[in-house]
1. Which of the residues that make up the stretch 305-322 are open to solvent by 40 Å² or more (accessible area, probe 1.4 Å), over 14 Å from the mean Cα position of the chain (by Cα) and not acidic (Asp, Glu)?
2. Quick test for you: out of Ser142, Ser135, Ser195, pick the one residue that is under 25 Å from Val228 (Cα atoms) and of a type outside the set (A, V, I, L, M).
3. If I go through the stretch 31-72 residue by residue, how many of them are in contact with a His (Cβ under 8 Å, 6 or more places away or on another chain), within 17 Å of Arg18 (Cα to Cα) and of a type outside the set (A, V, I, L, M)?
4. Here are Asp119, Asp101: which of them is open to solvent by 40 Å² or more (accessible area, probe 1.4 Å), modelled with pLDDT of 95 or more, within 28 Å of Ala21 (Cα to Cα) and touching a helix residue (DSSP H, G or I) at 6+ places or on another chain (Cβ under 9 Å)?
5. Determine which member of the set Ala75, Ala107 is among the small types (Gly, Ala, Ser), modelled with pLDDT of 95 or more, open to solvent by 10 Å² or more (accessible area, probe 1.4 Å) and within 30 Å of Ser135 (Cβ to Cβ).
6. Return the only residue of Gln260, Gln212 being under 27 Å from Tyr15 (Cα atoms) and touching a residue at least 40 places away in the same chain (Cβ under 8 Å).
7. Would you confirm whether or not the stretch 207-228 contains a residue that is part of a helix (DSSP H, G or I), at negative phi and open to solvent by 30 Å² or more (accessible area, probe 1.4 Å)?
8. Taking into account only those residues within the stretch 20-51 that are of a type in the set (A, V, I, L, M), part of a helix (DSSP H, G or I) and open to solvent by less than 50 Å² (accessible area, probe 1.4 Å), which is modelled with the lowest pLDDT?
Amino acid sequence: MSREMSLVREAHAKYICRVSAQSDSLEFALSEHLRLSGVYWGACALDLLGQLHTLDREFVVNFVKSCAQPNGGYAGNVGHDAHLLYTLSAIQVLALFDAMDELDEDAVMQYVQSLQNEDGSFKGDEWGEVDTRFSYCAICCSSLLGRLDQINLPRALAYIKQCENFDGGFGCEPGGESHAGQVFTCVGALAIGDSLELCSGETLSWWLCERQTPGGGLNGRPQKDADVCYSWWVLSSLTLLRRASWVDASALRAFILGCQDVDDGGISDKPGDEPDVFHTFFGIAGLSLLGTDGVPPIDAAHALPVSVMERLKRRRERRAAAGTDAHT
């Protein structure tokens, strides 16, 4: 039965647009502090479905601009503090809508620079929490802007190496437990920094492929249930390590499709649960990495459609040719 299932593209597009407009729902209220990331998940999913045009571009771009803070960073919503997580989301959303000219790149990079510690790690915000997620965000922001030279990249990558464990995985800090989400942030950052040789590729790939459960889905660490979001965190890492074939692709596809709400749209964390935009995006992104169901390719390091990454590259080339961009 699972082999006959297909991606209900139209239903998912309608679901994303519908929940984006349900401002009176409990889910909308509970996600108020990370609204900007929610916009990214929904917009990127719609782009992969060929339906980005169903969102109001002007409204979305103005919302992103309203989240800009005086220190150069972006908050998750109006009235909140700037954070690297949402600064990356802001750049990704503006990239999706081809609105990068709305970004004050110098201010953003000053903000990113200000959060790097002496040991190469990054704080998420002015309050000082350190996590490899924030290292990834800083490196990804810098890469998308073509300004990797404006952070201490060698020291940032050396810090990530310190977070590697005996099993090949990575934690949120040195000595932290290996977790597939943290593995993606570290492998993604190393890939962007052209330094994948710093990780133990063979050992890490074994740890990652062992995340596949008997039901076909992937989990984040041993003895945990499968969850659709790890279709991205695990498979993107294996893709960057050129070992995506180490998982059973057909079983993973069946698991993702089995988590769809085929009537009302949306993808949940596991079969039978309620869908949400977060898992809808990562489920569709997982199918993109698998190369199935007509989903166009996604850049496994930057978590943006390849078409968007190519557009950003052309933009930097045009600016360089015009002498307006010294950071290519």
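The values are calculated or read from the model by the stated rules, or taken from the named source; none is laboratory data. Computed from a predicted structure; not experimentally measured. Note that we place each Cβ from the backbone using ideal geometry, even for glycine, and neighbour counts take in every protein chain shown. Remember, those area values only see protein heavy atoms, side chains included, never the ligands or the DNA or RNA. Shrake-Rupley method; radii C 1.70, N 1.55, O 1.52, S 1.80 Å.
1. Filtering the stretch 305-322 for residues open to solvent by 40 Å² or more (accessible area, probe 1.4 Å) gives 306-307, 310-311, 313-314, 316-322.
When the remaining residues are screened for being over 14 Å from the mean Cα position of the chain (by Cα), the result is 307, 310-311, 313-314, 316-322.
Correct list: Ser307, Arg311, Lys313, Arg314, Arg316, Arg318, Arg319, Ala320, Ala321, Ala322.
2. Numbers: Ser142 fails: under 25 Å from Val228 (Cα atoms); Ser195 fails: under 25 Å from Val228 (Cα atoms).
Result: Ser135 is the single residue among Ser142, Ser135, Ser195 that is under 25 Å from Val228 (Cα atoms) and of a type outside the set (A, V, I, L, M).
3. 0
4. Details: Asp119 fails: within 28 Å of Ala21 (Cα to Cα).
Just a single option satisfies the conditions, and that option is Asp101.
5. Values: Ala75 fails: open to solvent by 10 Å² or more (accessible area, probe 1.4 Å).
Within the list Ala75, Ala107, the selection yields Ala107.
6. Values: Gln212 fails: under 27 Å from Tyr15 (Cα atoms).
So the residue among Gln260, Gln212 that is under 27 Å from Tyr15 (Cα atoms) and touching a residue at least 40 places away in the same chain (Cβ under 8 Å) is Gln260.
7. Here is the first cut: in the stretch 207-228, the residues part of a helix (DSSP H, G or I) are 207-209.
Right, trim to at negative phi and you get 207-209.
Going one step further and asking which of them are open to solvent by 30 Å² or more (accessible area, probe 1.4 Å), we end up with none.
Looking through the stretch 207-228, none of the residues is part of a helix (DSSP H, G or I), at negative phi and open to solvent by 30 Å² or more (accessible area, probe 1.4 Å).
8. Filtering the stretch 20-51 for residues of a type in the set (A, V, I, L, M) gives 21, 26, 29-30, 34, 36, 39, 43, 45-46, 48-49.
Still in the list and also part of a helix (DSSP H, G or I): 21, 26, 29-30, 34, 36, 39, 43, 45-46, 48.
The next check asks that each one be open to solvent by less than 50 Å² (accessible area, probe 1.4 Å); those that pass are 34, 36, 39, 43, 45-46, 48.
Values: Leu34: 57, Leu36: 93, Val39: 94, Ala43: 96, Ala45: 97, Leu46: 97, Leu48: 98.
Restricting to residues being of a type in the set (A, V, I, L, M), part of a helix (DSSP H, G or I) and open to solvent by less than 50 Å² (accessible area, probe 1.4 Å), the top hit is Leu34.
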